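Attaching a single structure in structure tokens format; questions to follow.
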Amino acid sequence: MRYAICFTPPAHDALAVAAAQWLGRNVFSGEAVDLPPIRGMDIQDIAYNTALPRRYGFHGLLKAPFRLPAEVSEATLLRHMMRFAGACEPFDLPALEVVRLGSFCGLAPAVPCETMRLLAAAVVQEFDSFRAPLGEAELERSDPGNLSAAQFANLYRWGHPYVMDEFRFHMALTGPLPPKELPRFELALRNFFAPYLNRHVEVTNLALFVEEEQGAPFQVHSLHPMGRVSARKIA
């Protein structure tokens, strides 16, 4: 069993619904979702190139997948998440845009969001005591030989290379694409997501994702509302 702490919009949010269609899976229910026809794109081609993000579901990663230490229970993790989220103020992300992330495509804020960077850093630090140390095989899968010195240090200190100053908030929508395919998928994504990217994205929950067994799809276990209960009721 592995857990991850992420941001994802609520299940019925228009962006979440569109992302579930693109990826072919609802990350809340785990159910398959049909993608409507997209001009100039083959459905099988999209399915093949979205296999990786489909397994993880639509999300922005804050704390990478981790296993609980033997002495820590899921109930303890849930209680801590409830308290932590309640102490965090909700905020708006700048409008998202389709971007290239190396050989991947995904969504990222059009301008950097310092509030999200600080939230991610706080999550990484706050929940590090809930993370069992990585085994040698897990470290090797992170390909430490190709990491910068800062990323290598993050991997051994925090269990993931792309945290703290190396963090960039994004929501992946493809797996790695051949260079010649990047422009085609980028255009398709821009057209498909255009109706949903003209607004700020409300960050009002932290999501706990769970992988029931190794290699299984990740699914939303629970959403944890941000902000004090009294403040949310007034709002």
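Throughout, read-outs are computed from the coordinates displayed, never taken from laboratory work. This one's a predicted model, so the numbers in the text were calculated from it and none came from an experiment. Virtual Cβ from ideal backbone geometry, glycine too; neighbours counted across all protein chains shown.
Across 5 Å bins from 0, what is the distribution of all Cα-Cα pair distances for the stretch 2-234, in whole percents?
Distribution as computed: 1, 6, 13, 18, 20, 18, 13, 7, 3, 1, 0 percent.
Cα gyration tensor of the stretch 148-202, axes a ≥ b ≥ c as square roots of the eigenvalues: rounded (a/c below 1.5), prolate (a/b > b/c) or oblate?
oblate
Right, another one. R0 = 22 Å: FRET efficiency of Val33 with Asn198, Cβ-based, nearest 0.05?
0.45
What GluC sites (Glu not before Pro) in the stretch 33-122 are in a loop by DSSP, with at most 14 other Cβ atoms within 10 Å of the Cβ?
Those satisfying the criteria are Glu71.
Kindly identify the stretch 115-235 as rounded, prolate or oblate by the Cα gyration tensor criterion: order the square roots of the eigenvalues as a ≥ b ≥ c, call it rounded if a/c is under 1.5, otherwise compare a/b with b/c, prolate if a/b is larger, else oblate.
oblate
Next question, about the same structure. Calculate, in nm to one decimal, what Gln125 and Asn146 gain on full extension: separation in residues at 0.36 nm each, minus their alpha carbon distance.
Between Gln125 and Asn146, full extension yields an extra 5.1 nm.
Out of residues 5 or more away from Val203 or on other chains, whose amide H comes under 5 Å of its own, with H placed 1.01 Å from N in the peptide plane?
Phe91, Asp92, Leu93
Need the full-extension length gain, Gln21 to Lys180, defined as separation in residues times 0.36 nm minus the C-alpha distance. One decimal, nm.
Residue separation times 0.36 nm, minus the Cα-Cα distance, leaves 54.8 nm.
Would you kindly state how much longer the chain becomes between Asn191 and Ile43 on full extension, computed as 0.36 nm times their sequence separation minus their alpha carbon distance, in nm to one decimal?
Extending this stretch completely gives an extra 51.7 nm.
I would also like to ask the following. Can you work out the Karplus-derived ³J(HN,Hα) for every residue in the stretch 54-67? Use 6.51 cos²θ - 1.76 cosθ + 1.60 with θ = phi - 60°, whole Hz, and x for glycine or proline.
After applying 6.51 cos²θ - 1.76 cosθ + 1.60, I find 4, 5, 7, x, 6, 6, x, 6, 10, 10, 4, x, 9, 9 Hz.
Which of Tyr162, Gly145, Val123 sits closest to the plus end of the dipole of the chain, meaning its Cα is farthest towards the positive end, when Lys and Arg get +1 and Asp and Glu get -1 on the C-beta?
It is Val123.
Say each of Glu89 and Asp13 gets a label point 7 Å from the Cα, pointing the same way as Cα to Cβ; how far apart are those two points in nm?
1.9 nm
Starting at the first residue of the stretch 11-28, write each ³J(HN,Hα) from the Karplus equation 6.51 cos²θ - 1.76 cosθ + 1.60 with θ = phi - 60°, in whole Hz, x for Gly and Pro.
Going residue by residue, I get 4, 9, 5, 4, 5, 4, 5, 5, 5, 5, 5, 4, 7, x, 7, 8, 6, 7 Hz, with x marking Gly and Pro.
If you build a Gaussian network model of the chain, linking Cα atoms that sit under 10 Å apart, which residue out of Leu35, Leu147, Leu197 swings the most?
Its mean-square fluctuation being the largest, the pick is Leu147.
For the stretch 165-235, what does the alpha-carbon gyration tensor say about shape, rounded, prolate or oblate, given a ≥ b ≥ c as the root eigenvalues, a/c under 1.5 as rounded, and a/b over b/c as prolate?
Because a/c hits 1.5 or more and a/b fails to exceed b/c, the stretch 165-235 counts as oblate.
Excluding Val201 itself, calculate the net charge of residues whose Cβ lies under 13 Å from the Cβ of Val201, where each Lys or Arg counts +1 and each Asp or Glu counts -1.
For residues surrounding Val201, the net value is -3.
Where does the chain land at 222 nm, in deg cm²/dmol rounded to the nearest 500, when only DSSP H runs of n ≥ 4 count, each adding -39500 (n - 2.57), divided by all residues?
Using -39500 (n - 2.57) per qualifying helix, the result is -10000 deg cm²/dmol.
Per residue of the stretch 153-166, what does 6.51 cos²θ - 1.76 cosθ + 1.60 with θ = phi - 60° give for ³J(HN,Hα)? Whole Hz please, x for Gly and Pro, Karplus curve as stated.
Calculated HN-Hα couplings, in order: 5, 4, 4, 7, 7, 10, x, 7, x, 9, 10, 6, 5, 8 Hz.
Looking at the stretch 158-235, which GluC sites (Glu not before Pro) are in a loop (DSSP not H, G, I, E or B) and have at most 13 other Cβ atoms within 10 Å?
Glu212, Glu213
Relative contact order (percent) for the stretch 2-234, with alpha-carbon contacts under 8 angstrom and 6 or more residues of separation?
34 percent
Could you work out the relative contact order of the stretch 161-235, using alpha carbon pairs under 8 angstrom and six or more residues apart, expressed as a whole percent?
For the stretch 161-235, the relative contact order is 19 percent.
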